[in-house]
Structure formats: C-alpha cells, structure tokens
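Okay, so here's the structure we're looking at.
All of the numbers you see were taken from the coordinates with simple rules; none came from a lab. Given the structure is predicted, the values throughout are model-derived calculations rather than measurements. Note that we place each Cβ from the backbone using ideal geometry, even for glycine, and neighbour counts take in every protein chain shown.
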Amino acid sequence: MTSDRTEPAACRLYLISPERIEHPTLFAEELRAALDGGDVAAFQLRLKDVDDAAIARAADTLRPICQQRDVAFFMNDRPDLAVKLDCDGVHIGQDDMPYAEARRIVGAGRQIGVTCKASRHLAMEAAEAGADYVAFGAFFPSNTKAVTTPADLGIIEWWSGLMEVPCVAIGGITVDNCRAVVEAGADFLAVAGGVWNHKDGPQAAVRAFNKVFGGQ
C-alpha cells in the first residue's frame with residue numbers, strides 16, 4: 001500500500017473482514033464477489049474471540065484469493081501470525097505492542113499499519129518510526145467497533161497536506177457518507193459493514209465506492 005503525494009491519487013478501498021467468519025469457504029465467495037466489484041488495495045483479517053487455529057483456517061482460505069489479485073493481505077493485531085501465515089502485513093493498535101517490536105517480528109519485507117485514533121502526536125510518532133501507513137478514526141458511528149475516540153476530517157486534511165506516509169480512514173464508513181472523507185484527502189478507506197452489509201451485496205458496494213473514488 002503506497003501513496004504518491006507528488007500528484008493527486010485516487011482514494012482506494014481497504015476491506016476489513018467481519019469479526020466472525022464461521023465458514024471460511026462460504027465467506028470466500030463473498031470476498032471474491034467484493035473483489036469482482038472493482039479496485040481493492042488491501043484486505044485485513046480481523047477476527048475476534050477465536051483461537052489461532054480458526055484464524056489460520058480463515059487466512060489459508062482467504063489469503064490466496066487476495067494475493068492472486070494483487071490485494072495486500074493484512075493480519076490484525078498479531079505480528080507473529082502475520083509471519084506464520086505468510087501475510088503481506090499486520091495492523092497494530094495502540095494497545096497491541098510498540099511499532100519497533102512489531103517490526104522486529106515481521107522483518108523488513110512486510111508492511112505495518114498503526115492505529116492512531118484521533119491523535120496527531122501518535123501519527124507523527126508512528127510515521128517517524130517507519131510505519132507504512134497510519135489509521136485515523138472513527139469518523140462515523142460503527143456497528144463493528146465501539147467508538148471511543150471520534151475523529152474529525154481536519155486530521156485527514158492536516159496529514160495529507162504534510163506527510164508522505166499514507167493515511168487510512170476508518171469507522172462507520174459507507175458509500176453514502178464517504179465522499180467528505182475522500183475529499184479531505186484520505187488515501188484509503190477502511191470499510192467492513194459498509195461492504196459486507198450493503199443492501200445490494202458486497203460486489204455492488206465495492207463498485208459504488210470506486211465510482212465515488214473515480215469522481216473525486
């Protein structure tokens with residue numbers, strides 16, 4: 001996941017998995033449908049309250065689908081599993097582990113994204129440490145995650161005008177509310193329910209997001 005600040009670049013989609021995937025082979029069909037809808041930069045496997053074996057089963061089923069289509073496959077929270085399961089990168093939160101420790105585990109060849117919530121200070125620290133992207137949010141109420149630190153669009157505008165490290169906007173983003181975030185300068189939109197719960201299905205959702213990006 002890269003962004004060229006020297007010239008305007010279209011925003012891209014960063015898909016986040018549902019928190020539970022009971023049957024990876026069935027969800028694989030949804031993922032394929034989503035990726036058939038248009039450009040997707042990355043997919044993050046974010047499973048909660050499951051054991052490592054369940055995460056591994058899901059990763060081994062879904063990772064090839066992404067990587068065969070040049071969609072980066074990220075593991076949430078777990079640098080150790082990112083290495084073990086041959087992911088392209090890992091996304092870490094502020095409560096997971098320091099960036100330096102995550103980098104030691106995954107090495108130089110995998111990407112690391114860092115949650116920075118609504119903090120300019122945390123984002124600067126992450127970028128200076130070497131993070132491949134920083135994530136800001138939440139920008140809207142979310143059914144996926146409790147919003148403890150609402151963010152405003154000013155932080156996206158500030159970051160995109162100042163830094164070359166890409167930024168990801170996250171939190172309750174849907175086709176209907178995303179335009180302002182895109183126009184603020186987000187490089188990527190992290191979306192979960194806005195795709196998987198779209199009334200016309202994930203393929204239509206991805207197509208609609210890309211239509212917004214193309215119109216920016």
Stokes-Einstein D for the range 164-207 (10 °C, 1.306 mPa s, Kirkwood Rh from Cα pairs), in µm²/s, comes to 146 µm²/s
log10 I(q)/I(0) for the chain, Debye formula on C-alpha points only (no solvent), q = 0.08, 0.11, 0.14, 0.16 Å⁻¹, two decimals, reads -0.24, -0.47, -0.80, -1.07
Each label sits 7 Å from Cα toward the beta-carbon; between ALA53 and GLU22 the label points are separated, in nm, by 1.9 nm
Ranked on Cβ counts within 10 Å of their own Cβ, fewest leading, ASP39, ASP95 go ASP95, ASP39
Cβ-Cβ cut-off under 14 Å around GLY201, Lys and Arg +1, Asp and Glu -1: the net charge is -1
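Can you give the net charge of the other residues whose Cβ lies under 15 Å from the Cβ of GLY154, counting K and R as +1 and D and E as -1?
With Lys, Arg at +1 and Asp, Glu at -1, the net is -1.
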Quick calc, the range 12-214, dipole around Cα centre from Cβ unit charges on Lys, Arg (+) and Asp, Glu (-), nearest 20 debye, gives 220 debye
To the nearest 0.05, the calculated FRET efficiency linking GLU101 and LYS199 through their beta-carbon distance, R0 being 45 Å, is 0.60
For the pair ALA9 and GLU29, the simple spin-label estimate (label points 7 Å beyond Cα toward Cβ) gives in nm 3.6 nm
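Sort HIS121, HIS91 by Cβ crowding within 10 Å, fewest neighbours at the top.
Fewest-to-most ranking of HIS121, HIS91: HIS121, HIS91.
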Rounded to 0.05, the calculated FRET efficiency for the beta carbons of ASP60 and ARG120 at R₀ = 41 Å is 0.60
Relative contact order as a percentage, the range 12-214, C-alpha pairs under 8 Å and 6+ apart, gives 22 percent
In whole angstrom, the spacing between the Cα centers of the range 39-64 and the range 85-115 equals 15 Å
For the range 108-161, shape from the Cα gyration tensor axes a ≥ b ≥ c, cut at a/c of 1.5 then a/b versus b/c, turns out oblate
Applied in sequence order to the range 90-96, the curve 6.51 cos²θ - 1.76 cosθ + 1.60 (Karplus, θ = phi - 60°) yields integer Hz couplings, x standing for Gly and Pro, of 9, 10, 10, x, 5, 9, 7
